[in-house]
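This report refers to the structure that appears directly beneath it.
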Amino acid sequence: MTGATPVEPPARSPLRLVLVEDSDAHAAILEQLLGALPDAPSIVRFGRLEEALRHLAHIHADCVVLDVDLPDARGADGVLRILEVAPAMALVVLTGDDDEDLGLRLLRAGAQDRIVKGEETGPALLRAIRHAVERNRTGDRHEAERLVRQVEDDSGRLPERRLTEHDRRRDMVAGAVAVLACAALQLLAPSLGGVSVLFVLAVAWLAARVGLAAGLTAAAAAIVSLSLRDVIASDALPISWSLGVRVGGFAAAAVVSWRMTRRLRRSDELLHGILTGTTDAIAVKDLAGRYLLANDASLDILGHPREAVLGRTDAELLPPDVAGPRRLQDEAVLASGGPRRYWRTAAYADGRRTHSVVKVPYRDGQGRIVGLVSVARDETEMRRLEEETGRFFDLAPDMLCTIAPSGHLERLNGAWTRVLGWTDDELRSRPLRDFVDPEDAAAIDELVAGTAEVCRSGIATRGGGRRDVEWSARREADGSRVHAVVRDVSERTTMERRLADTEARYRELVHTLPGAAVLTFDHDLRVTFAAGEALEAVRRRAVGVGETLGQSSRGAAQIAPRCRGALAGQA
């Protein structure tokens, strides 16, 4: 027997890490520490939480390393916001000091570990990240398994599905057998009492489960069998009033049962109409992940017909790389006992689609969790529009921004850095009024408060200079933020100032010409400039810009052809 060749263990793929750190210096230190390790993780870094959330909505990561002192999120707020978008995400938080109370709040919010800035080393940091990832995976799995076992023991059974045609036929056969058994019992044992009650129960059950026709048929069979019993027992025809009472009683039982089931079926038809009419994908699963209900939109996503979906799990219907994350999300909802929302992007027959998914526990009448309800909405077009809007936002030559009620800049496009030289972090670190000229600060305050929509101001550059800008802003209805377009008009302001200086010098020169006057006209022969001693001499000081040639001169008929010729380029 030859010895088996040892098989090399498969190489462990690098962890996919999202680093959310607003400090460029500290982010560079962390990237350098982790990058120097043999099994260095793949790192994507963001300076703001909003940018990281947009990334996590589309791209899966193994762990997030989060600074808890960001400009747009502080303390446990950042942890909670990440878990809203990616509830199954492993989290390691970075804090500025060793505050035990803060550490407990962060761990209770959902973080797996905490690291104090300045004390981290490369191996220790990577070890904390790997432990957080494994702790997150095993913790969710064990908690979900425990809860599933507990709920299964408490509930005892799963909720029933809607009756199918096969179920109705089975019920009809069972009801018919019950009625025939009662009839046989009446005929074989005429003296046995209480059999009529069994007939009523069978009639009511058939009417409720199958329909009015089945109930009336059972009632007719019961009446016939009871009448035959009376004939056999008394050797005489049954009394007419007795027969009428029997008919009325059994018919009443059938009608009452039918009316009750009709009311229930109307509610069922209304629910069915909502499920089939909505474009949202709605599905209900039991604790084991088997589908109990799936509407048409959900079947379209799964890519299977209804008969192939009901009673099966995602693992039986979808590839492992798709079914695995879905089951983890389901287990997280069952473990938490509360709703969860996340974004899912996947490839389908008609291309890649993005869905916003909301999952909530499905509870029975006693409040016990017996399953899971999932609602997925196709947000592909909305995401596409958001991405296009983001591209326009980033490519716009004007400076675009949103301003928080506190007066701090929130979202900025690249034009701010191109025009002013400040980085995004520097611009967001201080209130906006700190960057504008002191005499313009009041106008900026009105803009942020929503009492003004247009203003002009000077704004400081990073190199110590200033630029003249025009603000055009609109405040949201709820007052949450202001959207603004800021245009650099420094060159235009300089040109306007130069033109004004030139016109002033030209006017002064014209006034020094003895006995002369200068008038300029546009193509409509309207005065655009009028000055000179001669105008004063003939008391034409009132000649104003905007007057026509006829209004400004009595000899307009003779002068007009020459003016038109000059405008046409004739000598």
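Give the number of residues within the range 493-511 that are under 53 Å from the mean Cα position of the chain (by Cα) and open to solvent by 100 Å² or more (accessible area, probe 1.4 Å). Selection size over the range 493-511: 4. For the range 81-114, the tally of residues that are at pLDDT 85 or above, surrounded by fewer than 19 Cβ atoms within 10 Å (Cβ to Cβ) and not polar (S, T, N, Q) stands at 1.
I want to confirm something. Restricting to the range 16-51 and keeping residues that are of a type in the set (A, V, I, L, M), out of contact with any strand residue (DSSP E or B) (no Cβ under 7 Å at 6 or more places or on another chain) and not in a loop (DSSP other than H, G, I, E, B), which single residue is surrounded by the fewest Cβ atoms within 10 Å (Cβ to Cβ)? Top of the filtered list is ALA25.
Among residues of the range 375-417 being open to solvent by 20 Å² or more (accessible area, probe 1.4 Å) and among the hydroxyl-bearing types (Ser, Thr, Tyr), the one that is modelled with the lowest pLDDT is THR389. Within this structure, GLY103 passes the test of being in contact with a strand residue (DSSP E or B) (Cβ under 8 Å, 6 or more places away or on another chain) and over 22 Å from ARG54 (Cα atoms). When ALA477, ALA537, ALA557 are screened for being within 30 Å of LEU447 (Cα to Cα), out of contact with any Lys or Arg (no Cβ under 8 Å at 6 or more places or on another chain) and either at pLDDT below 75 or open to solvent by 90 Å² or more (accessible area, probe 1.4 Å) (or both), only ALA477 passes.
One line per residue, one yes/no per condition, for (1) of a type in the set (Val, Ile, Thr); (2) free of Cβ contacts under 8 Å to residues at least 24 places away in the same chain; (3) farther than 30 Å from ARG327 by Cβ:
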| site | (1), (2), (3) |
| --- | --- |
| LEU94 | no, no, yes |
| ASP101 | no, yes, yes |
| LEU107 | no, yes, no |
| ALA111 | no, no, no |
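Whenever a residue of the range 23-40 is within 15 Å of ASP69 (Cβ to Cβ), its partners that are outside any helix (DSSP H, G or I), lying with C-beta atoms within less than 6 angstrom and at least six residues away or across chains, give the pairs ALA27/GLU21; ALA27/ARG45. The criterion of being in a loop (DSSP other than H, G, I, E, B) and of a type outside the set (D, E, K, R) holds for HIS58.
Restricting the range 302-361 to residues that are of a type in the set (Lys, Arg) and open to solvent by less than 60 Å² (accessible area, probe 1.4 Å) leaves a set whose member that is nearest to HIS58 (Cα to Cα) is ARG344.
The values are calculated or read from the model by the stated rules, or taken from the named source; none is laboratory data. Model, not experiment: these values are computed from the prediction. Positions of Cβ are generated from backbone atoms using ideal geometry, with glycine treated the same way; all protein chains shown enter the neighbour counts. Surface accessibility is based on the protein's heavy atoms, side chains included, excluding ligands, DNA and RNA. Shrake-Rupley method; radii C 1.70, N 1.55, O 1.52, S 1.80 Å.
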